[in-house]
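Take this structure, written in structure tokens, and hold onto it; I'll ask about it next.
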Amino acid sequence: MTVRIQHEDFDIARETAALRAGDPRVGAVALFVGTVRDVNDARAVTTLSLEHYPGMTEKALAAIVDEAKSRWDIYDALVIHRVGDLAPMDQIVLVAVTSAHRGEAFAACEFIMDYLKTRAPFWKKEQTPEGPRWVDARSTDDDAAQRWSTTGAKV
Amino acid sequence: MQGPRTVQLVYLARLRESFGTSGERYELGGQIHTVADLLHALAGRGGAWSIELAPGRAFRVAVNHEVASPDTRVAPGDEIAVFPPVTGG
């Protein structure tokens, strides 16, 4: 189980290969990659700045991955989340999960992403032609996370 | 030097900009025992503090990197963060 927060970009192929290297039990690898869109809420986005809370963010992500591990029969999981200034089409986040079969890997990957959106301390600020603006939390993200549980406080 | 009843406050993202600082050392008055007590005291500064920390405003608090509620106890040496709802991913 690995969690990384970094400024640098990541190489999906290399990360996926490393995640399942040497583990012949793996029969499924599920991946999610989040990327920067050039439009949000009808406004052009030129730069997306991502900020986190050093110390808490790492702990929150590790707790989410541990929770996934306890719920599904998965072998390993990787979360990489970038911070700093990103441009449209840049990669933001990678979640990768290995398991014997696809069902567990898909479910755990989606769970980790849904919880990350609502519980991991990251914040997005957009630069637009009309000036900068902080991205507001979406109720649809709360709904997505809520599907998995009725307990636990969101952040 | 850290005082006998000092905590570290951390402000993040939009709230850091509103408050004009990323954090401060804060002396807990004798009447501050919970997150709610602390927020009340900070809101009492007026200006952006009273606006952002008003009841019904969307913000979160973490004590020592754990999500906190209004009745969470605060103690000297704690790191207490105040931040907007999260928007990562």
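The values are calculated or read from the model by the stated rules, or taken from the named source; none is laboratory data. Quick caveat, the model's predicted, so the values are computed rather than measured. Cβ: placed from backbone, ideal geometry, glycine included. Neighbour counts: every protein chain shown. When the accessible area is computed, the model is the full protein with side chains, heavy atoms only, and any ligands, DNA or RNA have been set aside. Shrake-Rupley method; radii C 1.70, N 1.55, O 1.52, S 1.80 Å.
Considering only the range A:85-111, how many residues are closer than 17 Å to A:Val29 by Cβ and loosely packed, with under 14 Cβ neighbours inside 10 Å?
3
If a residue has to be loosely packed, with under 13 Cβ neighbours inside 10 Å and out of contact with any helix residue (DSSP H, G or I) (no Cβ under 8 Å at 6 or more places or on another chain) to count, how many in the range B:52-65 make the cut? Break it down stepwise before answering.
Going through the range B:52-65, the residues loosely packed, with under 13 Cβ neighbours inside 10 Å turn out to be B:54-58.
So of that shortlist, the ones also out of contact with any helix residue (DSSP H, G or I) (no Cβ under 8 Å at 6 or more places or on another chain) come out as B:55-56, B:58.
Going through the range B:52-65 one residue at a time, the tally reaches 3.
Select from the range B:27-47 the residues that are closer than 18 Å to B:Pro76 by Cα and in contact with a helix residue (DSSP H, G or I) (Cβ under 8 Å, 6 or more places away or on another chain) and list them in ascending order.
Answer for the range B:27-47, where residues must be closer than 18 Å to B:Pro76 by Cα and in contact with a helix residue (DSSP H, G or I) (Cβ under 8 Å, 6 or more places away or on another chain): B:Leu28, B:Gly29, B:Gln31, B:Ile32, B:Leu42.
Working only within the range A:117-136, note down all residues that are at the interface with another protein chain (Cβ under 7 Å from one of its Cβ atoms), assigned to a strand (DSSP E or B) and over 16 Å from the mean Cα position of the chain (by Cα).
Matches in the range A:117-136: A:Trp134 only.
A:Gly34: within 14 Å of chain B (Cβ to nearest Cβ), touching a residue at least 24 places away in the same chain (Cβ under 8 Å) and either touching a strand residue (DSSP E or B) at 6+ places or on another chain (Cβ under 6 Å) or open to solvent by 30 Å² or more (accessible area, probe 1.4 Å) (or both), yes or no?
Details: within 14 Å of chain B (Cβ to nearest Cβ): yes; touching a residue at least 24 places away in the same chain (Cβ under 8 Å): yes; either touching a strand residue (DSSP E or B) at 6+ places or on another chain (Cβ under 6 Å) or open to solvent by 30 Å² or more (accessible area, probe 1.4 Å) (or both): yes.
For A:Gly34, the condition - within 14 Å of chain B (Cβ to nearest Cβ), touching a residue at least 24 places away in the same chain (Cβ under 8 Å) and either touching a strand residue (DSSP E or B) at 6+ places or on another chain (Cβ under 6 Å) or open to solvent by 30 Å² or more (accessible area, probe 1.4 Å) (or both) - is met.
On the basis of being over 13 Å from the mean Cα position of the chain (by Cα) and surrounded by 11 or more Cβ atoms within 10 Å (Cβ to Cβ), does B:Ile32 make the cut? Step through it out loud before you land on a result.
On the way: over 13 Å from the mean Cα position of the chain (by Cα): no; surrounded by 11 or more Cβ atoms within 10 Å (Cβ to Cβ): yes.
No: the conditions fail for B:Ile32.
Now a separate question. What is the residue count in the range B:52-64 for residues that are closer than 18 Å to A:Trp134 by Cα and in contact (Cβ under 8 Å) with a residue 24 or more places away in the chain? Even if it seems obvious, please write down each step before you answer.
As a first pass, look at the range B:52-64 and keep what is closer than 18 Å to A:Trp134 by Cα: B:52-53, B:57-60.
When the remaining residues are screened for being in contact (Cβ under 8 Å) with a residue 24 or more places away in the chain, the result is B:52-53, B:58-60.
Final tally of qualifying residues: 5.
Anything in the range A:39-64 that is in a loop (DSSP other than H, G, I, E, B), closer than 19 Å to A:Leu94 by Cα and free of Cβ contacts under 8 Å to residues at least 60 places away in the same chain? List them, or say none. Give the derivation first.
We begin by selecting, within the range A:39-64, every residue in a loop (DSSP other than H, G, I, E, B); these are A:41-42, A:45-46, A:53-55.
Of the ones still in play, those that are also closer than 19 Å to A:Leu94 by Cα are A:53-54.
Answer for the range A:39-64, where residues must be in a loop (DSSP other than H, G, I, E, B), closer than 19 Å to A:Leu94 by Cα and free of Cβ contacts under 8 Å to residues at least 60 places away in the same chain: just A:Pro54.
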